[in-house]
1. If you go through segment 34-57, how many residues are open to solvent by 40 Å² or more (accessible area, probe 1.4 Å) and part of a loop (DSSP other than H, G, I, E, B)?
2. Criterion first (open to solvent by less than 70 Å² (accessible area, probe 1.4 Å), under 30 Å from G132 (Cβ atoms) and free of Cβ contacts under 8 Å to residues at least 40 places away in the same chain) does V65 satisfy it?
3. Take segment 81-93 and flag every residue that is open to solvent by less than 70 Å² (accessible area, probe 1.4 Å) and over 16 Å from G11 (Cα atoms).
4. With respect to T71, determine if the residue is closer than 25 Å to F130 by Cα and open to solvent by less than 50 Å² (accessible area, probe 1.4 Å).
5. Which members of segment 97-128 meet the condition of being open to solvent by 90 Å² or more (accessible area, probe 1.4 Å) and out of contact with any His (no Cβ under 9 Å at 6 or more places or on another chain)?
Amino acid sequence: MDDANGPSLLGLPYMGFLAQTDPIYQSTRKMILSVDDNPWYFTGSYIHGVGSPHTGFQKVWPMAVAMRGLTSSDRDEVKECLDQLVATTSDLGLMHESVHVYRTSNYSRSWFAWCNSLVSQFVIDAITRFPGII
């Protein structure tokens, strides 16, 4: 099981431990982002991603969605991550610790500074790597 926050196995390239193209990392990433292989990967109407026993079943950590985007070289995947993050702020404009996959009003922490910081970095990274993505 990978943790939804950082450091995490998903974030290994982000932290500089290995290349995003490393075959072992790609296999690990595939397992982490799989509803079939990861019991803490959840998918729903608004968001899908890695959750945590800390916040409960069916709750995805936006931090994990941001890390997925930061470690992806696929423009469509990065755009999907950005869209999910925007859709799950409960109109507060801030990131939560976790968000229920079907009810965005069901979240933990109305704002989570660590996640807000990582998402800000993700947005800057996304517009640098993929001009016009926003």
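1. First pass over segment 34-57, keeping only residues open to solvent by 40 Å² or more (accessible area, probe 1.4 Å): 35-37, 39-40, 43, 45-46, 53-54, 57.
Checking which are part of a loop (DSSP other than H, G, I, E, B) leaves us with 35-37, 39-40, 45-46, 53-54, 57.
Residues flagged as open to solvent by 40 Å² or more (accessible area, probe 1.4 Å) and part of a loop (DSSP other than H, G, I, E, B) within segment 34-57 amount to 10.
2. Values: open to solvent by less than 70 Å² (accessible area, probe 1.4 Å): yes; under 30 Å from G132 (Cβ atoms): yes; free of Cβ contacts under 8 Å to residues at least 40 places away in the same chain: yes.
Considered against the rule, which asks whether it is open to solvent by less than 70 Å² (accessible area, probe 1.4 Å), under 30 Å from G132 (Cβ atoms) and free of Cβ contacts under 8 Å to residues at least 40 places away in the same chain, V65 comes out as yes.
3. We begin by selecting, within segment 81-93, every residue open to solvent by less than 70 Å² (accessible area, probe 1.4 Å); these are 81-82, 84-85, 87-90, 93.
Selection gives L82, Q84, L85, A87, T88, T89, S90, G93.
4. yes
5. The answer is Y102, R103, S105, W114, I124, T128.
The values are calculated or read from the model by the stated rules, or taken from the named source; none is laboratory data. In this text the structure is predicted, and so the values were computed from the model without any measurement. For neighbour counting, all protein chains shown are included, and Cβ atoms are generated from backbone atoms with ideal geometry for every residue, glycine included. Areas reflect the complete protein model, heavy atoms only, side chains present, ligands, DNA and RNA absent. Shrake-Rupley method; radii C 1.70, N 1.55, O 1.52, S 1.80 Å.
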